[in-house]
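Colleague: The structure is given below, and queries will be raised subsequently.
Values quoted throughout were computed directly from the atomic coordinates according to the rules given, and no laboratory measurement underlies them. Computed from a predicted model, the values in this text were never measured in an experiment. For neighbour counting, all protein chains shown are included, and Cβ atoms are generated from backbone atoms with ideal geometry for every residue, glycine included.
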């Protein structure tokens, strides 16, 4: 299958005698190509899986969606009529409405399901607008990891700026920011295997605490931390976390190594949880906190 929105006819080879199926939309570049090549093809079918001709007058549809249909479908209808020898639809309703034969109806079928061969690994970074340095720095790390492995998914949260930052990197999930209670309660619904806590040097960052250790541990993930305060001196390297220099190569290598070592991830998480539980017990035993002033 060719995604015509992402390529041009000059970049693909279509053998003579091929049967072409146009799904939903046809852009001008491909329209001109198919007109020129029609005599060399065994046929061209157009497959419509929604009532696109009715979209313009469907007031229940958002105006932006209707404009999209106008631009991508209605303005190409004349070309489609000239190019296509057959019309296929996805429902009997569409076939009856447009006077098509029953043979033109393609019932939806499930995709071929393959038995999973291995657990897909999720690694994540939970930052806010106050972590712009770290987000920008992580782009190179994530890009390299995703290039070297097809079994990992990167997950984070952010607005348009963050989505644009990672938009061209495959297998990245960018969740829209939600209210804090929803965020905290919903995160455990996603599998978290490896947590990232990079920290770059800045005047503001020098005052940060090691709270990400507890966030990562709460989600049951093995943690990778920058080898700088507040993690250096707190994280027990190789026991309840991994300390790394702030070089992208060291982080991408460490992510891939942990992804391939379920036993090591398990041990890091187990030790981190034991330590977090012990620290929580110590905190509960404290008689009170001292007073101070800002």
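Colleague: Take each of the peptides 147-153, 263-269, average the number of other beta-carbon atoms within 10 Å over its residues, and list them starting from the highest.
Modeller: Numbers: 147-153: 14.3, 263-269: 16.3.
In decreasing order of mean packing, 147-153, 263-269 become 263-269, 147-153.
Colleague: Using Cα pairs closer than 8 Å and at least 6 residues apart in sequence, work out the relative contact order for the stretch 121-285, in percent. Before the final figure, lay out the partial values.
Modeller: Numbers: 229 pairs, mean separation 36.9, N = 165.
Relative contact order comes out at 22 percent.
Colleague: Between helix 248-259 and the chain, what is the angle of the helix's C-alpha long axis to the longest principal axis, kept within 0 to 90° and rounded to the nearest 10?
Modeller: 80
Colleague: Sort 41-51, 174-184 by the packing proxy (mean of other Cβ within 10 Å over each peptide's residues), most packed first.
Modeller: Details: 41-51: 16.3, 174-184: 11.6.
Packing proxy ranking, top to bottom: 41-51, 174-184.
Colleague: Okay, moving on. Contour minus end-to-end for residue 201 and residue 77, with contour as 0.36 nm per residue of separation and end-to-end as the Cα-Cα distance?
Modeller: Details: separation 124, 0.36 × 124 = 44.64 nm, distance 5.74 nm.
So the chain would gain 38.9 nm between residue 201 and residue 77.
Colleague: Hey, another quick one. Sorting check: for 86-99, 52-65, which peptide has the highest mean count of neighbouring beta carbons within 10 Å, and how do the rest follow?
Modeller: Details: 86-99: 15.4, 52-65: 11.1.
Descending mean neighbour count gives 86-99, 52-65.
Colleague: Express in nm, to one decimal, how much length is gained between residue 49 and residue 282 on full extension, taking 0.36 nm for each residue of separation and deducting their alpha carbon distance.
Modeller: Full-extension gain reported as 77.8 nm.
Colleague: If you don't mind, another one. Taking the 0 to 90 degree range and rounding to the nearest ten, how far is the long axis of helix 262-285 tilted relative to the main principal axis of the chain, both from C-alpha atoms?
Modeller: 50
Colleague: Pairs of alpha-carbon atoms within less than 8 angstrom and 6+ residues apart define the contacts here; what relative contact order does the stretch 12-104 have, in percent? Kindly include the intermediate steps, with their values, before the conclusion.
Modeller: On the way: 102 pairs, mean separation 30.8, N = 93.
It comes to 33 percent, rounded to a whole number.
Colleague: Based on the Cβ-Cβ distance of residue 57 and residue 32, what FRET efficiency does E = 1/(1 + (r/R0)^6) give at R0 = 35 Å, to the nearest 0.05?
Modeller: On the way: r = 29 Å, r/R0 = 0.83.
Once the sixth-power term is evaluated, E becomes 0.75.
Colleague: Relative contact order for the chain: what is it in percent, counting Cα pairs under 8 Å that are at least 6 residues apart?
Modeller: On the way: 356 pairs, mean separation 33.9, N = 294.
Relative contact order of the chain: 12 percent.
Colleague: Based on the inverse mean of 1/r over its pairs of different Cα atoms, what is the Kirkwood hydrodynamic radius of the stretch 121-285, in Å? The partial results should precede the final answer.
Modeller: Values: mean 1/r = 0.0619 Å⁻¹.
Over the stretch 121-285, the inverse of the mean reciprocal pair distance is 16.2 Å.
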